[in-house]
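Only one structure is covered here, and it is reproduced in the block below.
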Amino acid sequence: MTTRVRVRPGSCRAAVEEIRKAVTAGKVAERIRRKDHTLWKPEPTEISNRLGWLDSPSAMRERLSEMASVVRTVRNDGFGFALLLGMGGSSLAPEVFRRIFGAADGFLDLAVLDSTDPGAVLARTEQLDLKRTLFVVSTKSGGTVETFSFMKYFFNLVAEKLGAGQAGGQFLAITDPDSALADLSRKYRFRYTFLNDPQIGGRYSALSCFGLVPAALIGMDTGLLLKRAAEAAESEFVDAADGGMSGVSLGAFLGDLAARGRDKLTFLSPPTLSAFGDWVEQLIAESLGKEGKGILPVVGEELGSPSVYGPDRIFCSIRLAGETTGEAQLNALAEAGHPVIDIELADSYDLGGQCYFWEIATAAAGWRLAVNPFDQPDVEASKVLARIMIAEYRETGAMPAETSALAGTDLSIYGELAARKPEEVLATFLKQPKAGTYVALQAYLTPSLPVDELLQRLRMRIRDRFHIAATVGYGPRFLHSTGQLHKGDAGRGLFIQFTADDVRDVPIPDELGRAESSLSFGALKQAQAFGDRRALLNAGR
């Protein structure tokens, strides 16, 4: 394996050696390899049927020729663009691959739609050349509400513009066997359906069909990506002879730090690799944030001086060989006593190994924290509440009414507020005395560069003023990523939702090929925002 992993400062060595001994005594690496569910919980539920990812680097080699054949046919038929419709584990790896590798000459370009915001849906629609667009519908369960809503909308759009007989030929499905999507893809004659190993959970699926099919569409060398992952599968169970840490040891070390109060894992990467943070964020947050425990991944933060960080931080730098950006600041953090993990990759294709490395590390961290890293028990809470609101909306034509605590011409504020002036609300809210506090900015807004910049500026000002971690997520995307941790961890989060009236809305067809609609994307997004807010309050947040 070409990945190099080191931990500093020197004061961490005793803790590293202690956890290595515990890993050896517990036979952690051996038990992960043999898929021993008792490493995490006495019962096999949601564990034994979720360990297929351990075999992905070798098992998926047999699928590469199948993928290449489909990609060749798609290219020959004149498709130049692919729009992936998915959420969470089905969409994050493809987005990372496109942002880091780009699209090779002669292959398809690719974009991901994972926002139910009607502005986002319309912005993507208006950019498409429908005749040359392949729609990739990607969902493990085959019934994700956001993904199905996207599919129905674009299927009907293609049928209307290009003819009903042609619509199915512009769709490709990635799903589990016997799912609702597998059935629909046969009924509506989709171009092709890739059936994935059902024993692979969504967030562990980067090296399965969910990640590799989109990678093949943009012309990545999927064989090389799997080769690097296979090298990781051989090396990430045993520490290197030169002292470098394996995925098992590093994961157990991170779990140990979290148990001792350092539970904010801050990822730092140069622009060449920064997109990787979005994938690893979901893997860690959704896998470990439960039963009152967890590790909060902090992604996309600008590096600051040691004085703006509390004692709950860990830093992980992932860089290509020879890159030195931020080294002086990392040295200062290590000298101030903050644990700093340095990971060096030979080239971008080492991301294949990094996907496997972090899957192994997350599994080992789950062992140390005594949680099941393969279930998501709190994700369903906000979904249930959103479904209730959608049912009420379909019956009454309106969402439940809420009364604002403060209201102005352009701004309304909801919640139990100590402040009585709008300009005092934020500072008062953020001053709540809690050890290990973090802030989650949840933006149910149309994603755009100006909004990105404003949210980033706000999170940096929060960190610099209050010395606490602040994360940013667009809704409902984050519900499939950090949403589990928000409701399942120790309850130290402070949550700020941003919503806005939609300038335009888009109806969601009730069925493929039918124009009738009882729900819009705007109403779905609103129900998801309300549902998650209620789920947070119900969880005591």
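The values are calculated or read from the model by the stated rules, or taken from the named source; none is laboratory data. Since we're looking at a predicted model, the values are computed, not measured. Methodologically, a virtual Cβ is constructed for each residue, glycine included, from the backbone with ideal geometry; neighbour enumeration extends over all protein chains shown. Just so you know, the surface numbers come from the protein's heavy atoms only, side chains and all, with ligands and any DNA or RNA stripped out. Shrake-Rupley method; radii C 1.70, N 1.55, O 1.52, S 1.80 Å.
Would you compute, from DSSP H runs of 4+ residues alone, the mean residue ellipticity of the chain at 222 nm, taking -39500 (n - 2.57) per run and dividing by the full residue count, rounded to the nearest 500? Helices in the chain give a 222 nm mean residue ellipticity of -13000 deg cm²/dmol. Karplus-derived 3J(HN,Hα) values for region 335-345, using 6.51 cos²θ - 1.76 cosθ + 1.60 with θ = phi - 60°, are 5, 7, x, 6, x, 10, 9, 10, 10, 10, 9 Hz; glycine and proline are entered as x. Once the GluC sites (Glu not before Pro) in DSSP loops with at most 15 neighbouring Cβ atoms within 10 Å are cut out of the chain, the longest remaining piece is 1-290. Taking the empirical scaling 2.2 N^0.38 Å for compact globular proteins as reference, region 334-468 has a Cα radius of gyration ratio of 1.49.
DSSP loop (so not H, G, I, E, B), at most 16 other Cβ within 10 Å: list which trypsin sites (Lys or Arg not before Pro) in region 387-440 pass both filters. When the trypsin sites (Lys or Arg not before Pro) of region 387-440 are filtered for loop state and at most 16 Cβ neighbours within 10 Å, R420, K431, K434 remain. Remark: spin-label model distance Q127-R541 equals 2.9 nm, labels positioned 7 Å along the Cα→Cβ axis.
Taken per residue, the accessible surface of region 370-422 reaches 65 Å², heavy atoms only and a 1.4 Å probe. With R₀ fixed at 35 Å, the C-beta to C-beta distance from L411 to E380 puts the FRET efficiency at about 0.60. Taken along its three principal axes, the alpha carbon spread of region 336-413 comes to 56, 33, 30 Å, from the longest extent down to the shortest.
Surface calculation, 1.4 Å probe, protein heavy atoms: M60 sits at approximately 10 Å² accessible.
For region 1-93, trypsin sites (Lys or Arg not before Pro) are listed when DSSP marks them as loop and at most 11 other Cβ atoms sit within 10 Å of their Cβ; the list is R34.
Rounded to the nearest angstrom and listed largest first, the equivalent-ellipsoid semi-axes of region 191-260 from its Cα gyration tensor are 30, 17, 10.
Across the chain, the mean sequence separation of Cα contacts (distance under 8 Å, 6 or more residues apart), normalised by length, yields a relative contact order of 20 percent. Between A259 and R514, the simple label model (points 7 Å from Cα in the Cβ direction) yields a spacing of 5.4 nm. Candidate cross-link partners of K140 among the lysines, defined by an alpha-carbon separation under 25 Å and a same-chain spacing of 8 or more, comprise K35, K41, K152, K187, K227, K290, K383, K487, K525. Building the convex hull from the alpha-carbon atoms of the chain and averaging its projection over directions returns 24.1 nm².
Per residue, region 484-541 exposes 44 Å² of accessible surface when a 1.4 Å probe is rolled over the protein heavy atoms with every protein chain present. Take the Cα pairs of region 293-369, get the Kirkwood Rh, then feed it into Stokes-Einstein at 25 °C and 0.890 mPa s and tell me D in µm²/s. Translational D for this selection: 174 µm²/s.
DSSP loop trypsin sites (Lys or Arg not before Pro) in region 141-193 with at most 12 other Cβ atoms within 10 Å of their Cβ, which ones? Those satisfying the criteria are R189.
For L494, the residues whose modelled amide H falls within less than 5 Å of its own, excluding neighbours fewer than 5 places apart on the same chain, are Y438, V439, A440.
Once Rg and the Kirkwood radius are both taken over the C-alpha atoms of region 384-541, their ratio Rg/Rh works out to 0.98. How long are the three semi-axes of the equivalent ellipsoid of region 105-215, in whole Å, if each is the root of 5 times an eigenvalue of the C-alpha gyration tensor, listed from largest down? Equivalent-ellipsoid dimensions as semi-axes: 22, 16, 14 Å.
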